Each structure stands twice: as C-alpha cells, then as structure tokens.
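Contents: one structure, followed by commentary.
Laboratory data are not the source of any read-out in this text; all were calculated from the coordinates shown. Keep in mind the model is a prediction, meaning the values are calculated, not measured. Here the Cβ positions follow ideal geometry from the backbone for every residue, glycine too, while neighbour counts run over all protein chains shown.
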C-alpha cells in the first residue's frame with residue numbers, strides 16, 4: 001500500500017505550462033505598451049524566444065518542486081509501510097494475548 005493520493009506531477013506540469021503562458025502574455029502586453037510597432041511574426045518570434053529564455057532561467061526552481069514532490073511521496077510510502085508493519089506486530093501480540101487468556 002502506498003500513499004492514497006493522486007499523482008501530482010500532472011498538476012505541476014499544468015502549472016509550469018500556465019507559467020509559460022503567463023510569461024508570454026506579459027511579454028505581449030509589454031510589447032504592445034512599449035513597442036507597438038513590433039507586430040505579427042516578429043512579435044511572436046520575440047515572445048517565444050524570451051519566454052524560453054525566462055523559463056530556462058527559472059526551470060531549476062520547478063525541477064526542485066518536482067523532486068521535492070517525489071521525495072515527499074517516497075517518504076510517505078516509507079512511513080505508511082512502517083505503520084503497517086507496526087500494526088501487524090500489534091495484531092500478533094493481541095492474538096497471542098487472546099490465546100493466553102482463553
């Protein structure tokens with residue numbers, strides 16, 4: 001038996017993709033405000049390039065979250081297994097006690 005909780009990697013991936021979309025939207029708004037002459041394909045290329053650049057510079061933070069998530073899940077599984085083992089030991093002690101008291 002492991003941790004009875006949904007896998008969160010898809011949620012992390014969705015948040016990363018939302019973050020990238022937010023970067024693109026902020027860059028688009030900034031360009032519209034600061035450099036309205038940059039339009040169309042040039043603007044799209046600029047936004048894609050800088051979105052990748054910004055994300056790459058912050059990617060280690062997201063990967064840290066992903067690793068932390070993995071470590072938390074593994075530790076939870078270890079603790080669950082330890083608790084199951086303890087319960088099994090107590091079940092044996094209870095069964096032995098019940099046999100002795102009959």
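Once both labels are modelled 7 Å past Cα along the beta-carbon direction, what's the residue 57-residue 34 spacing in nm?
1.1
Quick check on the chain: helices-only [θ] at 222 nm, where DSSP H runs of length 4 and up contribute -39,500 (n - 2.57) each and the sum goes over total residues. Nearest 500, please. Walk me through the numbers on the way to the answer.
Numbers: 2 runs with 87 residues, N = 102.
It lands at -31500 deg cm²/dmol.
I'd like the orientation of helix 40-100 relative to the chain: the angle between its Cα long axis and the longest Cα principal axis, in ° from 0 to 90, rounded to 10.
Approximately 0 degrees, to the nearest 10.
Tell me the volume per residue, in Å³, of the convex hull enclosing the alpha carbons of the stretch 19-102.
Normalising the Cα hull of the stretch 19-102 by residue number yields 106 Å³.
Fewest first, what order do 64, 46 take by the number of other Cβ atoms within 10 Å?
Working: 64 10, 46 15.
Going from least to most buried by this count: 64, 46.
Using r as the Cβ-Cβ distance of residue 101 and residue 81, and R0 as 41 Å, what FRET efficiency do you calculate, to the nearest 0.05?
Numbers: r = 31 Å, r/R0 = 0.75.
Computed FRET efficiency for residue 101 and residue 81: 0.85.
What list do you get for 20, 102 if you sort them by fewest beta carbons within 10 Å? Don't skip to the answer; put the middle values down first.
Numbers: 20 14, 102 5.
Fewest-to-most Cβ neighbours within 10 Å comes out as 102, 20.
With angles folded into 0 to 90 degrees, how steeply does helix 9-34 sit against the dominant principal axis of the chain? Use alpha carbons for both and round to 10.
It is inclined by approximately 20 degrees.
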